[in-house]
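K.L.:
The following block contains the structure, expressed as structure tokens.
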Amino acid sequence: MFETGIREAEPAYVDVDSVELRLGADSLVWKFYGDVRGILGFQRLAGTENCIEQLAQGVEDHSVIFSDFLGRARRSGPPIMRTVYSDRPHEWGRRVRDFHRDIKGSISDGSRYHALNPELYYWAHATFVDQVLYITDTFIRRLSYEEKVQIFEESKTWYQLYGVSARSQPQTYDEFVAYWESMCDKFVPTRTIVYATGYLRKGVPGPSWMPKPLWRIVGAPLNAVLRTVFIGTLPPQMREVCDLPWDARRQRRFDRFAATMRALNPLFNRLPVRLLYTPWAAEGWQRTGVDPRRLHNRPEKATA
């Protein structure tokens, strides 16, 4: 489906204005998507998106990723957050979609791409669904199978808010898991993702005023932590195409870090909402008058 649909390279809109679509305080997506611990999955989110050639080429052709990497992230993230948490989800969903109207071009084999082609647009959305599932289950608390199903079902509403055809969307959570694995097997070392993971191979550059030999010593612990945490979150297929070394010892170190984060969850839930959530999520919780720290803190059923 992906291989044939992606080559149409045409947008496919659907009308959702007449449909009442909204996620709310009772949803697991609201509970977990805007949690600040989501930053731990930033490399997984941005990286998996850009390991698919058509999407990476669109980023390279139409954004400032190579000159303003962090600025691009700051401009992209808030509108998607507002699609979930604002009181005008249709408006923000359409705005996110319309950012992509003119993002089109061709890839290395000469075939065309369009950002609003349903196969490509759904892949971008799927990386956000994966972020909610993966970050919650790894760093916040274990999710039951039933909760994973619920998050996936809620993600269908989230996707509908964009007004793009859902023809390539899996219909069940199990189908989504299979879809995700099949997409990971399509990863290639695009210029965009090789650039974006350079700091994991070479280390974070030190401040300009510090001599490089001194930074190699001072920065070593920081780079070791970044490599453990961020490479640890990546699918094996992405580590391979990005030439990011990983082994059993690093995996054990990552697993200990993740377990510690989950053990600290009761302490995180004592933080003020404005510190526990991004500003856009905190604003949504404040508007509803609901305290998210009291919600969904234990799996409803045992993990399958």
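K.L.:
In this structure, is ARG88 in contact (Cβ under 8 Å) with a residue 12 or more places away in the chain and of a type in the set (Lys, Arg)?
P.N.:
no
Conditions tested, residue by residue: (1) among the hydroxyl-bearing types (Ser, Thr, Tyr); (2) crowded, with 16+ Cβ neighbours inside 10 Å; (3) within 24 Å of GLN43 (Cα to Cα).
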{"position": "VAL84", "(1), (2), (3)": "no, yes, yes"}
{"position": "PRO89", "(1), (2), (3)": "no, yes, no"}
{"position": "ILE103", "(1), (2), (3)": "no, yes, yes"}
{"position": "ASP109", "(1), (2), (3)": "no, no, no"}
{"position": "ALA115", "(1), (2), (3)": "no, yes, yes"}
{"position": "TYR122", "(1), (2), (3)": "yes, yes, yes"}
{"position": "HIS125", "(1), (2), (3)": "no, yes, yes"}
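Yes/no matrix, rows are residues, columns are (1) free of Cβ contacts under 8 Å to residues at least 40 places away in the same chain; (2) part of a loop (DSSP other than H, G, I, E, B); (3) closer than 25 Å to LEU133 by Cα:
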{"residue": "TRP180", "(1), (2), (3)": "no, no, yes"}
{"residue": "VAL188", "(1), (2), (3)": "no, yes, yes"}
{"residue": "LEU200", "(1), (2), (3)": "no, no, yes"}
{"residue": "PRO205", "(1), (2), (3)": "yes, yes, no"}
{"residue": "ASN223", "(1), (2), (3)": "yes, no, no"}
{"residue": "ARG250", "(1), (2), (3)": "yes, no, yes"}
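K.L.:
Related question: Do you know which residues across the stretch 1-22 are out of contact with any strand residue (DSSP E or B) (no Cβ under 9 Å at 6 or more places or on another chain) and part of a loop (DSSP other than H, G, I, E, B)?
P.N.:
MET1, ASP15, VAL16, ASP17, SER18, VAL19, GLU20, LEU21, ARG22
K.L.:
Can you go through ARG274, ARG239, ARG287 and tell me which one is surrounded by 13 or more Cβ atoms within 10 Å (Cβ to Cβ), more than 20 Å from GLN131 (Cα to Cα) and among the charged types (D, E, K, R)?
P.N.:
Values: ARG239 fails: more than 20 Å from GLN131 (Cα to Cα); ARG287 fails: surrounded by 13 or more Cβ atoms within 10 Å (Cβ to Cβ).
The unique qualifying residue is ARG274.
K.L.:
Now for a different question. Quick one: what pairs do we get from the stretch 252-263, first residue more than 9 Å from PHE139 (Cα to Cα), second not in a helix (DSSP H, G or I), C-beta under 7 Å, 6+ apart or different chains?
P.N.:
Matching pairs, first to second residue: none at all.
K.L.:
May I ask you to list the residues in the stretch 158-178 that are surrounded by 17 or more Cβ atoms within 10 Å (Cβ to Cβ) and in contact (Cβ under 8 Å) with a residue 60 or more places away in the chain? Before you say what the answer is, go through the steps one by one.
P.N.:
Just the residues of the stretch 158-178 that are surrounded by 17 or more Cβ atoms within 10 Å (Cβ to Cβ), to begin with: 158-166, 168-170, 173, 176.
Within the stretch 158-178, TRP158, GLN160, LEU161, TYR162, GLY163, VAL164, SER165, ALA166, SER168 meet the criteria.
K.L.:
Just to verify a result, which residue in the stretch 197-218, among those that are over 32 Å from the mean Cα position of the chain (by Cα) and hydrophobic (A, V, I, L, M, F, W, C), is nearest to PRO245 (Cα to Cα)? Don't jump to the end; show me each part of the working.
P.N.:
Within the stretch 197-218, the first condition is being over 32 Å from the mean Cα position of the chain (by Cα), and the residues that meet it are 209-214, 217.
Filter again for hydrophobic (A, V, I, L, M, F, W, C), leaving 209-210, 214, 217.
Values: TRP209: 30, MET210: 28, LEU214: 25, ILE217: 21 Å.
Within the stretch 197-218, the match that is nearest to PRO245 (Cα to Cα) is ILE217.
K.L.:
Give the residues of the stretch 23-40 that are surrounded by 14 or more Cβ atoms within 10 Å (Cβ to Cβ) and outside any helix (DSSP H, G or I), sorted by residue number. Let's see the steps before the verdict.
P.N.:
To start, the set of residues in the stretch 23-40 that are surrounded by 14 or more Cβ atoms within 10 Å (Cβ to Cβ) comprises 23-25, 27-38, 40.
Selection gives LEU23, GLY24, ALA25, SER27, GLY34, ASP35.
Every number in this text was worked out from the coordinates using simple rules, so none of it is lab data. Keep in mind that what you see is a predicted model, and the values were worked out from it rather than measured. Ideal geometry is used to build each Cβ from the backbone, glycine not excepted, and the neighbour counts take in all protein chains shown.
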